[in-house]
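What follows is calculated from the coordinates using simple rules that are stated; it is not laboratory data. Just so we're clear, the structure is a prediction, and the values are computed from it rather than from any experiment. Here Cβ is always computed from backbone atoms with ideal geometry, including for glycine, and neighbour counts include all displayed protein chains.
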Amino acid sequence: MRPVPTWLISTIAVVVAILLWDIAIRLAGDTLIPGPFAVAKALGELAISGKLVRYAIASLFRVTWGFTLAVVVGIPLGLFLGWFRRAGRTVGPTLQFLRPISPLAWIPLAILWFGVGDGSAVFLIFIASVLPLSLTALQASQNVHFVHVEAARNFGLSGFAIIRRVLFPAALPQLIVGVRISLGIAWMIVVAAEMIAVNSGLGFLIVDSRNAGDRYDLVVAGMVTIGAIGLVLDTGLRRLERVPAFAVAARTSP
Amino acid sequence: MTKLVVRNLEMTFAGPPPVRVIEPTDLEVRDGELVCILGPSGCGKSTFLQIVAGFIKPSAGTVMIDGTPVTGPDRKRIFVFQERGVFPWLTVDENIAFGLADLPRAKRTEIVARYVDLVGLKGFERADPQELSGGMKQRVEVARALAVDPDMLFLDEPFGALDSMTRLTMRSELLRIWQAAKKTILFVTHDVEESVQLADRVVVMSARPAKIRKIVEIDIPRPRDLSAPRYLELRDGILEEIGLAHAI
């Protein structure tokens, strides 16, 4: 017998979960949560009105900006702090201190600094991802084997050349994992930011649907969309882990 | 001509507690000479090599190469770190090209091809180090070192992690490369046989703190017959010097 492919098993599991959900609603009523058909209908309604695409794009836009900024700042910063040990010892503890503060705690300050709008949301996503990214890069560069650094020094490299040609490529596998985890965090934070700081996006859809008439079918439809997009983002980055040419910046072509 | 002069070199690692690893040591190495530094594990011979290469500053004394004091590592003198020094994120040819970033592409390609050939890695240019055996990785490191055309090579137990058959092959490879490329080589090992097979001279070190017990001239013409009486005599002499019986 041929083994059953994994994707088939997962698909069946999802279908079974939806069926159980539906059966439960039929037995117990839908006062606590709408049933799967109501949610599907709500998704259709959102799609037809154009809100689904518009809000998804609004959320993705904020995450793209906040997260890209965090990658561009966080990874070089972490590598820099990892290489220049004294700078790392000076700044590292501050980053470690800021790290456990929930990004949501920054909401009042974000609104104070950037007002209600995209700026606040982008800032919150930036804060949520830049700290884990820079700390991952810092740690990863400290784990680089000293033999590789010494060999590079032996060939006359120093400072930024070592960061670019040794620290970065050596740390890359850990960096990609860090990027994946941080993007997951960023995608969670955008929802919270949109509930408070802006008037569009999937997070806004959820609070707005409740406030404007207890439309819990739209609330769950929003949740389903968030889950689906999150899954696609994570799968995309998983693929990236398997691209060996990703270290291209560090290569010397022979 | 004298290549390397070591004068009163001493090393104590600042503790606590401070550890004395090298007693005052003098050594001279001629241009193009292959010198083995032989000593028991942990005696300080690796530290000695790292000091001469410029990676570590000695507590006292001087290291002069070509009449100039050594103040740091230099691309004219390459240190070969067993096979652990190969960059795992680069392919074989990219590893060999590592020190050639400043050269124009055509020149680089030419040099890489020459050393791929010299160390016998033809056909593996695009391989990742993970796909190679220990001996092949070792040859990648040697090729990477030779590609920048250094005057000196420092080899720190380069064949220590290899199986005994690969080790024998690698020794004759090294001799072939050394004779072809005419480099001065300092070779650290704890293997008496290896030192007598390879070296022009063997510097016999004591246990820690290291000091030179004896310098043995290996006056056997190459290729060396490993069952010749002179070979056995020199080998046994060294074994006796470090206090090891030659019967098991």
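The table below lists the values:
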| read-out | value |
| --- | --- |
| Euclidean distance of C-alpha centroids, the range A:93-126 and the range B:97-124, integer Å | 50 Å |
| As computed over the range B:83-149, the Cα convex hull volume per residue (Å³) | 74 Å³ |
| Förster radius 60 Å - calculated FRET efficiency between A:LEU60 and B:LEU168 (Cβ-Cβ, nearest 0.05) | 0.45 |
| Per-residue HN-Hα couplings for the range A:8-22 [Karplus 6.51, -1.76, 1.60; θ = phi - 60°; Hz; x = Gly/Pro] | 5, 4, 5, 4, 4, 4, 5, 4, 4, 4, 5, 4, 4, 4, 4 |
| Euclidean distance of C-alpha centroids, the range A:20-83 and the range B:7-59, integer Å | 62 Å |
| Those lysines that a straight Cα-Cα span of less than 26 Å connects to B:LYS3, excepting residues fewer than 8 apart in one chain | B:LYS45, B:LYS57, B:LYS76, B:LYS182, B:LYS183, B:LYS211, B:LYS214 |
| Per-residue average of Cβ from other chains inside 10 Å of A:97-106 | 0 |
| Förster radius 35 Å - calculated FRET efficiency between B:ARG222 and A:ARG164 (Cβ-Cβ, nearest 0.05) | 0.20 |
| Fraction in percent of alpha-carbon pairs per bin - 10 Å, chain B | 7, 30, 34, 22, 6, 0 |
| Contact order relative to length of chain A, as percent, for alpha carbon pairs under 8 angstrom and 6 or more apart | 23 percent |
| Two-site label geometry, B:LEU103 and A:VAL4: point separation in nm, points 7 Å out along Cα→Cβ | 5.9 nm |
| Convex hull (Cα only) mean projected area of the protein assembly as shown, reported in nm² to one decimal | 35.2 nm² |
| Cα-based equivalent ellipsoid of the range B:30-169: semi-axis lengths in Å, sorted from largest, via gyration tensor | 27, 20, 13 |
| Label-to-label distance, nm, for residues given as A:VAL147 and B:THR12 (7 Å Cα→Cβ offset) | 3.2 nm |
| Hull-based mean projected area of the range B:133-248, where the convex hull spans the alpha carbons, in square nanometres | 8.0 nm² |
| Linear extension gain, A:VAL53 paired with A:PHE37, 0.36 nm per residue minus alpha-carbon span | 3.7 nm |
| Spin-label model distance (nm) - B:ILE215 vs B:GLU240, 7 Å beyond Cα toward Cβ | 2.2 nm |
| Rule-of-thumb Rg ratio for the range A:18-120 [Cα; 2.2 N^0.38 Å; N residues] | 1.72 |
| Equivalent ellipsoid, the range A:34-250 (semi-axes from 5 times Cα gyration tensor eigenvalues, Å) | 40, 19, 12 |
| Residues listed by number, the range B:1-41, amide nitrogen under 11 Å from B:SER59 label point at 7 Å toward C-beta | B:10-15, B:18-24 |
